[in-house]
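Visitor: Pasting a structure here, questions to come.
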Amino acid sequence: MRVIRLAVTVLIALVLTVLVVRAAVDSSTALYFVNFRALNPVSAQTDLQVPFGLSGQALVDQNFINSSGLNSVVVGTDGELVPAMPASLQNSLESCKQYVDIGATYTTYTTECNDDAVGDIGFFLGTPAVDDSFLFGLQSPGRILSFSISQAAIWDADVVWYYWNGSDWVELDDVEDTSVDFTVSGFNTLAFDLPTDWAESTVDSVVSFWVRANIDTITTTTTLPAGTRSWWQSGNWWTYADSIGQNEQVSYTLYLGGSTDFQTFHYLFPGMAGITTPDDPTIELGGTFTVEWVGYLDPDSSGDLVNKASAFRVYWSASGVLTLAINGSDITAVTSITAAERTVTVVSDGTNVSLSVSGVGSATASAVSVTDNGSDWVWVDQVAMVYLKRILVGFPLQDIDDTVAEWDAGTLVDTDGVADAGNGHLELLSSGEWDGSGFEVPIGWTGMPRSGQTVGWEDDCTVPWDNTCYDALTFFRGETPPSSSADSGLYQQFSASPGEAWSVQGQCQTNTIVFGQAEHLVGVEFLDSGFSSLADNRSSATCGLSVWASVSLQNQTAPASTVYVRLHVWMNATTIGSRGIDSYWDAVVGCQCTSTPAWPAASGNSIVNPSFELTHAATGTRVSPAFNVTSVTDVSETSIRWDATAGAGEAVVVEFSTDAGVSYTPVSTEGPIPGVSTGDDLSGASDYHSRVTLTGSGQGTPEIDNLVVTVFGTGDVDLLYELNTMPSISLLDRSSNTNNGAFSFPTATSTSITVSQDPLRSTQVVESKQSQESAPDVADEVDPGNWQGGSFDPSNIPFNSLWATLSDLTGGDIPVIVYWVVFATWVVIFSGVITFVVTQSVPWAAAVMGLALLGFTSFGGGLFPPWIFFFFAVMAMAASVYVKVRGL
């Protein structure tokens with residue numbers, strides 16, 4: 001009885017597991033799937049564009065996917081979407097040429113290749129001889145040629161297919177020619193491996209990617225072949241691989257079919273020629289504009305995100321550096337870009353132009369009107385971005401805060417508009433600033449080590465005479481150390497070079513002055529590469545008693561071997577018993593200069609000494625001026641974006657109001673304006689305002705750069721590239737204009753990655769490999785819901801031949817995988833039954849079964865997905881409880 005109960009428990013667990021798995025699969029409506037694999041036999045590689053061979057035209061013609069291809073999606077083994085671009089539909093040929101070797105004569109058949117006149121393509125004429133050829137010219141690299149042959153050749157000829165590698169004609173690899181040297185009439189395809197070194201070449205004055213059908217041998221000719229039409233396809237499903245380790249194989253699954261679209265848009269993988277958009281008045285930038293890209297940036301990329309020759313260019317000028325050039329001159333650049341999917345935006349409001357990279361930062365320069373020179377636009381070649389989601393050019397309504405004047409135009413409370421290396425930002429009104437060479441950056445002060453009975457840095461300033469701390473009113477309060485000749489204080493360290501002049505100034509007061517005891521100083525210390533002190537220069541002690549006084553050390557020259565400089569604020573005890581003497585520092589400024597700049601004026605600050613200080617306020621806010629949006633009557637898109645810097649314990653919060661500042665809603669950078677939807681009419685809207693709240697920690701300076709609020713009306717977007725169809729040589733402009741682009745397809749970039757894939761499958765039917773290249777007959781009965789194991793390959797496993805034979809007996813209606821699943825299921829059950837018979841222990845039986853199931857997750861490359869083991873464990877427990885409850 002217990003054995004029966006165990007078997008029932010096992011079956012319930014397996015059934016529940018299968019139901020959960022099937023529910024996960026059935027949550028998508030895919031009817032078919034293809035497993036992809038990529039193997040890397042060399043050292044690790046990252047950010048790869050991997051092609052898997054499929055015919056987009058065949059998949060659409062045979063109703064595996066709809067005409068847009070949006071009911072297809074590539075997922076990884078973790079179930080997450082993987083960026084991918086489908087294979088193209090059929091494209092017209094750029095050129096066709098017949099070549100007769102004797103006399104080197106070319107005849108053009110471009111019109112004939114692209115029309116439907118029966119038999120007007122003369123592939124070979126007269127008496128064909130060795131090295132006579134027919135050449136198919138493709139606009140960009142493709143893996144499939146197709147042609148309809150109205151008259152099949154009757155000859156004894158050997159036709160070999162070649163491509164141009166930049167210096168010579170080379171045979172194509174893995175050629176599958178259904179026409180068999182033009183001897184089969186009807187629709188035919190030529191499929192081959194995409195070369196990694198395919199180069200454009202000039203044939204009879206036409207530059208193209210050429211495929212050459214060359215007669216290598218011929219003896220007799222009875223009938224010459226003639227054709228009706230020819231096409232080409234990209235023939236590859238381009239897929240993004242973030243990383244593949246050495247000797248690692250990664251797997252993906254392409255799901256296809258069903259009534260539900262899995263995506264709104266496909267990803268774009270442009271080729272080396274990028275996307276070319278003809279010059280057009282609707283996209284002449286002038287002085288106010290927005291240009292945006294969304295895609296994956298690799299910091300080691302090269303090439304251009306856009307190049308309108310001598311007018312407008314965004315390009316990789318160095319590793320991790322994107323540079324903006326206008327009218328032939330570099331304007332500004334963003335550095336330290338790391339690999340990630342990011343939004344790159346160039347915004348100009350006529351006063352300033354900003355280049356920003358989401359998650360990295362931005363850079364601003366004075367606006368320059370872009371010259372209209374008639375050049376075409378060339379967007380995003382293959383080496384500039386790993387993949388692309390969108391390109392946008394528009395002239396929206398926008399409110400840009402990226403200069404000191406624009407920040408200061410709002411309502412500031414304990415904040416300040418600051419110029420940082422030419423890039424305006426808003427920061428918390430703070431004495432913790434470094435001011436050198438005309439710019440300011442946040443400063444992070446470091447506590448000095450103390451000797452004797454040390455008094456450490458504290459967050460709590462409520463206990464007098466007992467700590468060095470930030471007290472929210474002044475920059476910091478410091479207690480002198482308790483032992484003779486001990487130093488206590490803070491410093492900030494910078495890189496420096498011999499011969500440089502450095503200066504530092506502070507303002508302070510003390511609560512007690514005892515001659516010869518405590519000194520409160522500033523200092524400039526120079527160090528070598530090993531951080532050994534070369535010169536330790538200190539000011540005189542002029543800190544005032546309960547009165548603010550200036551303490552400064554000016555024009556200190558760095559000696560030879562200087563690598564670093566430390567700007568110090570010292571509290572120095574010269575005799576024992578000075579503990580309990582506090583100094584209050586209300587401002588410190590330093591610079592690489594012969595003298596420090598003048599103290600900044602106070603701004604809305606009324607503490608201790610309102611006429612002479614810049615304080616580390618705890619919080620500060622800025623409300624922007626009114627942003628009038630009533631000119632927009634049909635919203636197409638809105639966005640708010642900014643770059644913020646905030647250290648530990650600091651915060652930058654942005655809120656937005658659409659009711660003239662009555663209420664505010666928190667927003668996220670690159671998100672939409674809350675409460676505004678596509679299609680809204682804003683003609684009666686209240687003024688919009690942004691509100692920034694900065695919260696400081698007392699040890700740094702939170703700041704925000706380039707706050708941009710954008711509202712696009714339906715007529716404000718003048719170019720929009722997003723792929724919502726199967727790709728072709730023409731990329732449709734989805735704006736209200738027709739600025740369509742000439743799209744180039746990529747070529748294989750890695751010679752080391754080996755790709756493989758399974759045939760197209762449904763639950764009951766395994767399709768032939770030919771279905772990946774043309775339009776064969778396929779099963780008309782499909783049962784949705786497919787087996788989703790790992791990359792299972794049982795070809796070299798015992799019993800597989802038996803299962804294959806049984807499958808063949810059913811005509812393939814029961815695939816081999818079904819027999820393996822049934823076999824594995826019974827192995828799991830009997831392992832549990834035998835264990836129970838031997839041990840009389842249900843837990844031991846369940847454990848052995850779990851181990852058996854776990855083994856099948858790696859068996860043959862993975863019969864079951866790994867996570868099925870965890871489902872089994874949970875369901876086994878659930879089934880056990882159920883059985884016990886039923887037995888009560």
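Visitor: Please state which one of Asn796, Asn706, Asn786 is at pLDDT below 90 and not in a loop (DSSP other than H, G, I, E, B).
Guide: Result: Asn706 is the single residue among Asn796, Asn706, Asn786 that is at pLDDT below 90 and not in a loop (DSSP other than H, G, I, E, B).
Visitor: Using beta carbons and a limit of 9 Å, which pairs, at least six apart or on different chains, have the first residue in segment 719-730 and closer than 21 Å to Glu292 by Cα and the second one assigned to a strand (DSSP E or B) and of a type in the set (Ser, Thr, Tyr)?
Guide: Partner pairs satisfying both residue conditions: Leu719/Thr277; Tyr721/Thr277.
Visitor: Right, here's the next one. Go through (1) in a helix (DSSP H, G or I); (2) modelled with pLDDT under 90; (3) crowded, with 16+ Cβ neighbours inside 10 Å and name the single condition Val8 misses.
Guide: It fails just one condition, (3).
Visitor: Considering only residues of segment 61-78 that are out of contact with any Gly (no Cβ under 9 Å at 6 or more places or on another chain) and at pLDDT below 90, which is nearest to Gln263 (Cα to Cα)?
Guide: Top of the filtered list is Gly76.
Visitor: Find all pairs meeting these conditions: Cβ atoms under 8 angstrom apart; at least six residues apart or on different chains; first residue within segment 830-842 and in contact (Cβ under 8 Å) with a residue 24 or more places away in the chain and within 17 Å of Met877 (Cα to Cα); second residue surrounded by fewer than 18 Cβ atoms within 10 Å (Cβ to Cβ) and aromatic (Phe, Trp, Tyr).
Guide: Note: pairs meeting the criteria are Phe836/Trp844.
Visitor: Could you pull out the residue among Leu553, Leu567, Leu534, Leu521 that is touching a Lys or Arg at 6+ places or on another chain (Cβ under 6 Å), assigned by TED's automatic domain parsing to the domain that holds Gln492 and either at pLDDT 75 or above or assigned to a loop (DSSP other than H, G, I, E, B) (or both)?
Guide: Leu521
Visitor: Residue by residue through segment 162-191, note down the ones that are hydrophobic (A, V, I, L, M, F, W, C), under 14 Å from Leu145 (Cβ atoms) and buried (at least 18 other Cβ atoms within 10 Å of the Cβ).
Guide: Within segment 162-191, Leu172, Phe182, Leu190, Ala191 meet the criteria.
Visitor: If you don't mind, there's one more thing I want to ask. Among the residues of segment 681-696, is any aliphatic (A, V, I, L, M) and part of a strand (DSSP E or B)?
Guide: Yes, segment 681-696 contains a residue that is aliphatic (A, V, I, L, M) and part of a strand (DSSP E or B).
Visitor: Taking segment 665-694 as the search range and keeping residues that are under 18 Å from Ala646 (Cα atoms) and without any contact (Cβ under 8 Å) to a residue 40 or more places away in the chain, which one is farthest from the chain's Cα centre (by Cα)?
Guide: Step by step, filter segment 665-694, then rank; the result is Pro666.
Visitor: Exactly one condition in (1) touching a helix residue (DSSP H, G or I) at 6+ places or on another chain (Cβ under 9 Å); (2) at pLDDT 95 or above is not met by Leu388; state its number.
Guide: Only one criterion is unmet by Leu388, namely (1).
Visitor: Collect the residues in segment 711-753 that are surrounded by fewer than 20 Cβ atoms within 10 Å (Cβ to Cβ) and touching a Pro at 6+ places or on another chain (Cβ under 7 Å), keeping them in residue-number order.
Guide: Ser752 - this is the single residue of segment 711-753 that is surrounded by fewer than 20 Cβ atoms within 10 Å (Cβ to Cβ) and touching a Pro at 6+ places or on another chain (Cβ under 7 Å).
The values are calculated or read from the model by the stated rules, or taken from the named source; none is laboratory data. The shown structure was predicted, so the numbers you read here are calculated from the model rather than taken from an experiment. Reconstructed Cβ throughout: ideal geometry from the backbone, glycine too, with neighbour counts over all protein chains shown.
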